[in-house]
Each structure stands twice: as structure tokens, then as C-alpha cells.
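These notes concern the structure reproduced below.
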Amino acid sequence: MKTLAVALGLVLVSVTLGISSERPERWKMRDKFHQMEAHRGCVVSKPDSLHDFDVLKYDLSISFDLVAQTLTGTTGVLIRSEVADLDSIFLHLVQLTVDSIWMTDRNLPFDHSAGVIEIGLDSTIPAGDTFQVNIAYQGHPAHEAWGGFWFTSKAAFNLGVGLNTDPPSMGRYWFPCYDVPNDKAEFDMSYTVPLGKVAVSNGILVDTIPDYPESTMTYVWSEHHPTSTYLVAVSISDYVVVPDSVYAWIYNYVYPEDSSKAVTSFRNVHRMMDAYETFFSPYHFDKFSFVETPKGDMEHQTCVSHYYLCINGGNNYDWLLAHELSHQWWGDWVTIADWRDIWLNEGFATYCEAIYQEYIGGWNAYHNYVVNSIMNYYLASGELFPIYDPQEMWGATSYEKGASVLHMLRHVITDSIFFDALNSYGDKYAYGNVVTPNFQAVCESVYGQDLDWFFDQWIYDWEYPKYVYSYWQSGVDTVRVVVTQEQTIGPVFVMPVDFRVGTSTGDTVVVGWVDESPESLTFAFEGANTDSFAFDPDDWILKLVRNEPGIAKRQNAYGRQGEKAHITVSPNPFARSIKLTLVSEMGTESEDAVSLYIYDITGQLVKTFHMGGDGEDSGEVPPGYCHTLVWDGKDDRGNGLPSGVYFCRFNSRHGSVSSKLVFLR
Ligand SMILES: [Zn+2]
Ligand SMILES: [Zn+2]
């Protein structure tokens, strides 16, 4: 879903105050869809622990009084017991008044308070048995700033999720239901509205029944694909139908005065449908409609609410249409089981905006969209918290960081495996519910390798990598790179990083596995050079990256901030060999070629290691330097040395450092 109305108000306020923003125009449009301040502190719902029954089907019969702004309804709930002796159930219903509840011909006792109806069943229902409970209710339905049920001068309609409401499920604002995303059910619905009004809902319109003495029309809709309660919707207005130009099963409902603008604004919907049917799978429902409504966009199953200001006769909101349409796969066909996994809905739909760009404009269009509209938007948001169980459910982390994770995953597991995995995930959880480990498991299964390292850091941990790198020509045919990570809250990220390196026959891209900080990489092959060097040239990683200027130019800077460097050794004591690592975080200068010297206890030099090896090193040690070598306890002539204490020493212009080694043969 995407929010617009209230956030648009915030934007207008800032304009009238004369606050200018230097954010790109493209981002300002996205800003409208994130209400950063309005719902800070929203606590995400915890998983349901009391699911001892399964709703199979809802029968909604609702009569709307648009003048009094009330509804009067009956909801039949077909339920299957999942426990041995089910003797009560609870359903959600907010604000509206329950008049009576019955099963066949028996009235049932109930208590309705704090948005929950507890219903005594009058007998125990064994596991597997089904029964129907009927609830008669009426009143003026409620809404919060965004979600809930609205009566406005243009339309009466609901939006199925709340922005400021915990949990966000808002089916309960207009019909009694077991209002969690993971109990999908079928829906039969009949809506009675004044003659001249049209009631649009999920699934297929199966009948329209006029009642001329009463001046009403009853619209009968049926959605026999499993549907989550938050994805059920009704919108009532004086709608006209604008058919799609290609597919008869795509038709949109708009206000009469917007019908010609809608022809243009919706003209690419069939191409979006083609895109997702090409990349994913054939559309999984019976019809598709955008339905014009006075507030923002919401991906109700087969009848997406679409904000009226976006039907403007142009196509600058195609990205929003593409986002919402893709939810029919990721959100509606495959639905989160738990709100903490919201990125499986919103990250996927945001990524699908880029998939649509790829479909119509190829790789460059995809790449530009991911970088400019998704990754840079997230990086500018300032959000650092994890994707899972996000501090802000409808923010840039769920949407743009989630989308960036899919972009990165596509590169890590490669293109064809990525789309195979997405479609296997869809097939496996078709019309069902998912949590993040379900998606990870399918990816691992198709990829054939563990992906804990990827999901742990990107989904469950904080922030993103902030790389600093140096590179230099280290002799003929050798390019060396040192990468450090300077993020403060997140972990050291483990990622395969693409580097562009020149060769004697042109540029090539080589992959370096960057999994520690500092990370030292050497690319050695014929003609290797730094002429066109680039870090992640195709922007596969969500990151900030900075190149420290070339080493030679940095000589004075090293002198100013130079350190002695330090040496780590292990194991110590050692019997066969010992690893010696020279590290300099800040960069320093060696007295001569960068070297480590081994002395015995009497001060006799017994072994010299030149780190460069080719005699051309001028002694500069760049920031993030980290070089490990192995000493086998032999002197420069290859003779084994006796057990005893030795010292490993490095001489920088800022002073010498040494470590004591204990050799036990
Ligand atoms: Zn969405
Ligand atoms: Zn169910």
C-alpha cells in the first residue's frame, strides 16, 4: 500500500512556510507516500497465539445509509474447529454495535468490549467440524487517520490497513472477523446502496438486484480465492467503468468526471500485467480493477483503491500503479502471516516498480530506477533499524531497503536462480501466508547454498556498509585494494563486491569477497591496471562508498596522521609456523620498503620479509593496510632455527613496533 493524503498535507504545509528542499523531484513524490512523523512509535503486532479455529468463509450482507453515514449488516462466519472441544470463539469488531449473534436457530451469548467479541458456542465443537456463526450489527463505522471506513462526499469506502493502529489489520472496522493476516477465507458479499450508486468489491460481480420501491440496488460480489481480512474492500460512489484497452478482465472504476483522464492514466496497466506475468506467473485472480477513492492507494485483492489525484490524465504515477498491481502477487496471492514481516509485501512491491521499468526499458531503466528511486531514497531517509520487526512499519526500511535486498540477492545468487526462487516461493505459498524464513528457505533450496550470512545481516541486523577503499598498482600485473567499513551501528558486512580492473585486453569485472574490515585484496593477472578502476561499478550493493585519494598524493597526509602500525601474531607460542599480520588503520610510512624483520634474543637479524617483494615499494602504507604472512621458523638461508624467544619488528617513520614470538620446536 502507499499513503498519500495526509502526507501530501504535510508537504503543502512546508511549501507555504517557504521551506525549500533540495531533494530531487522524484523523491518528493515518494516522500508523499511515507508518513515518517505521523506514526513513529507504532508497535508491531505480536503473533497470534489463540488460533484454535479456522475461518473458511465470510458472508457479508451490508446495507449502507450514505446520508446518515451508517451501515447495517449481517456477517455469517463459517468456521472449522481446530481443537477437540471448541466452546467459544472471539472475533474482532471496532466501534460498531452487535445486536445479536446466532447459530442456526439458537441465539448465542456474547460479550463485546475493547474491539473483541467473545462468543459462547452453547456446545463444544470437535476438531474438524464446521459451523456457522451469524452476527447482526450496525452503527457508524470508525477510521483512523488513514485506515478504516470513511463516508465522504465523493465515496463511502474502507482502507484495510491502519497507519497509526496496532495491529494494522482493519477489516474489523466494518465487519466482524478474525482479523489477522494469516487466516484467509472465501468471501460472498452483498451490498445494498442507493439507486445510482455502484458498490465495488473483491472478486466477481455475480448479480445486481434493484429494489425500486426502496430505491436501492444490491451488488452481489464473490471472491472464492482465499483472502485475508485486511484485503477485503468495498467502495461506493457513482462509478463508471473504464475498460482496459487489451484485457477484458481488467476494468477500472472511476468518478464520471475523471473517465477521460482515466483512459490515459490507466493506459499502461496491461503492460504492467504483462511484465509481472512474464517475470513471475499468470495473474492468479479473476479480475483486476483500480478503484478511484478519496485517499491513498491500498492493494485490496482484485480491487485496488487508487488515489483520485493520481488520475490526472498523465502517466507520472505509473510507478504507483505498478507497485499496487504487483501486490496482487506479493501481498495478496502470497501474504505475510505476521506484520513484522511487512517487507515481504512492501519490499517486494517496491522492487516490482523496478521490474516494470526493466520490462519496458531494459537493463538501464531498471538500474537507474534501483539506484535513484530506491537505494538513494533509502540512504537519504536516515533509517538504520532492521527490516524485520521494523521500528517504522511503513517507512523506507520496509519499502526501499526491502527492495534493495532483493536487488542484492539477485546478484548474489545470479539472475536465473533469483527468478526461479521467487516463482518457487510463489508456487509453494500460493494463496497462503509466509514469514521471512519461508522465503529464505526457498532461496537456499533453489540456490543450493546456505544464505544465513546474507539474511542475517540484511534482514535482522542494522544499517548498511559504509565502505572506504584504496587501490594502487602494486608492480606489473598486480592491483591491490584495501577496503574498510566504517558503519557504526551495523555489523561488518559480508558481501561479494564487484571491482572493475583494467587488463591488457580491456576492462574486466572481478569479484572480491569482502568479509572483514580492513579487507585486503590482490588482483594479479596479465596487464592488470588501475586505469578504469571502480568499486561495485553496477551498483549491486546498498551502501555508501568513498575512495581515499591515491597513495602517492596522500604521502603528506599519512605523515600527519601516521601511526606506528601494529603487528599481530598467532599462534603464540608456535611449533611449526606462525602468522604475522601487519595492520595500519590510519596509514603510515615505512623507513624503507615495507618489511618485517625477525630478530633472535641476542638482537641478531635472522629473517627479513619484504611485503612488496619487487623492490619498487616506496614505503607508503595506505589506510586500512592489512598484510598477513607466514614464518616457518627458518632463517633467510632456509636453515631451521632453535627453540627460543624471537622478536618481529616493523620500522615506521613514526617509530618501531615489535611483537615477541615464542618458538617451541
Ligand atoms: Zn505497497
Ligand atoms: Zn482460514
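The values are calculated or read from the model by the stated rules, or taken from the named source; none is laboratory data. Just so it is clear, the structure is predicted and the values come from calculations on it, not from any experiment. A quick note on method: Cβ atoms are made from the backbone with ideal geometry, for glycine too, and the neighbour counts reach across all protein chains shown. All accessible areas refer to the heavy atoms of the entire protein, side chains included, with ligands and DNA or RNA removed. Shrake-Rupley method; radii C 1.70, N 1.55, O 1.52, S 1.80 Å.
Points worth noting:
- Radius 12 Å from Cβ of L195, net charge of other residues (Lys, Arg +1; Asp, Glu -1): -2
- Angle in degrees between helix 415-428 and the longest Cα principal axis of the chain, rounded to the nearest 10: 40 degrees
- Counting Lys and Arg as +1 and Asp and Glu as -1 over every other residue whose Cβ lies under 10 Å from the Cβ of Y173, the net charge comes to -1.
- Measuring r between the beta carbons of R649 and D507 and using R0 = 35 Å, the FRET efficiency lands at 0.30.
- Between R106 and K564, the modelled labels are 8.7 nm apart [label points 7 Å from Cα along Cα→Cβ].
- Computed label-point distance, nm, for sites D635 and E526 using a 7 Å Cα→Cβ extension: 4.2 nm
- Taking Cα centre as origin and charging only the Cβ of basic (Lys, Arg, +1) and acidic (Asp, Glu, -1) residues, the dipole magnitude of the chain rounds to 1960 debye.
- Of Y359, G382, S398, farthest towards positive along the dipole that unit charges on Lys, Arg, Asp, Glu beta carbons give the range 358-426: Y359
- Taking only protein heavy atoms and a 1.4 Å probe, the accessible area of the range 53-238 is 50% carbon and sulfur.
- When you count the other C-beta atoms within 10 angstrom of each residue and take the mean per peptide, 596-603, 455-462 line up highest first as 455-462, 596-603.
- Rounded if a/c under 1.5, otherwise prolate or oblate - the range 43-147, Cα gyration tensor axes: oblate
- When its C-alpha radius of gyration is set against 2.2 N^0.38 Å (N residues), the range 359-482 gives a value of 1.25.
- Size descriptor for the chain, Kirkwood hydrodynamic radius: 28.6 Å (Cα pairs only, one decimal).
- Rolling a 1.4 Å probe over the protein heavy atoms of the range 448-519, with every protein chain left in place, gives an accessible area that is 47 percent carbon and sulfur.
- A crude spin-label estimate for the pair H140 and V662, with each label 7 Å from Cα along the Cβ direction, gives 8.3 nm.
- In plain terms, if you count all Cα to Cα distances in the range 53-238 and split them into 10 Å steps from zero, the share in each step is 10, 38, 37, 14, 2 percent.
- Per residue, the chain exposes an accessible area of 38 Å² to a 1.4 Å probe, with every protein chain left in place.
- If you plug the beta carbon distance of D54 and A380 into 1/(1 + (r/R0)^6) with R0 = 51 Å, you get a FRET efficiency near 0.70.
- For the range 478-541, the fraction of alpha-carbon pairs lying more than 17 Å apart is 40 percent, rounded to a whole number.
- Protection proxy ranking for 656-663, 306-313, 228-235, using the average of other Cβ atoms within 10 Å per residue and placing the highest first: 228-235, 306-313, 656-663.
- S416/N372 FRET efficiency (R0 30 Å; Cβ-Cβ; nearest 0.05): 0.70
- On Cα atoms only, tilt of 402-412 relative to the major axis of the chain in degrees: 50 degrees
- Between the listed residues G347, M103, Y307, the Cα displaced farthest toward the positive end of the dipole of the chain, a dipole computed from Cβ unit charges relative to the Cα centre, is found at G347.
- Entry note, the chain: the mean residue ellipticity at 222 nm calculated from DSSP H runs of n ≥ 4, each adding -39500 (n - 2.57), is -5500 deg cm²/dmol after division by the residues and rounding to the nearest 500.
- Summing charges over all other residues whose Cβ lies under 12 Å from the Cβ of A528, with Lys and Arg as +1 and Asp and Glu as -1, gives -2.
- Ordering 520-527, 199-206 by mean Cβ neighbour count within 10 Å, with the highest value first, yields 199-206, 520-527.
- Counted residue by residue at 0.36 nm each, then reduced by the alpha carbon distance between them, the extension gain from V492 to D538 reaches 14.4 nm.
- Nearest 10 degrees, 0 to 90: helix 343-368 Cα axis against the chain principal axis: 70 degrees
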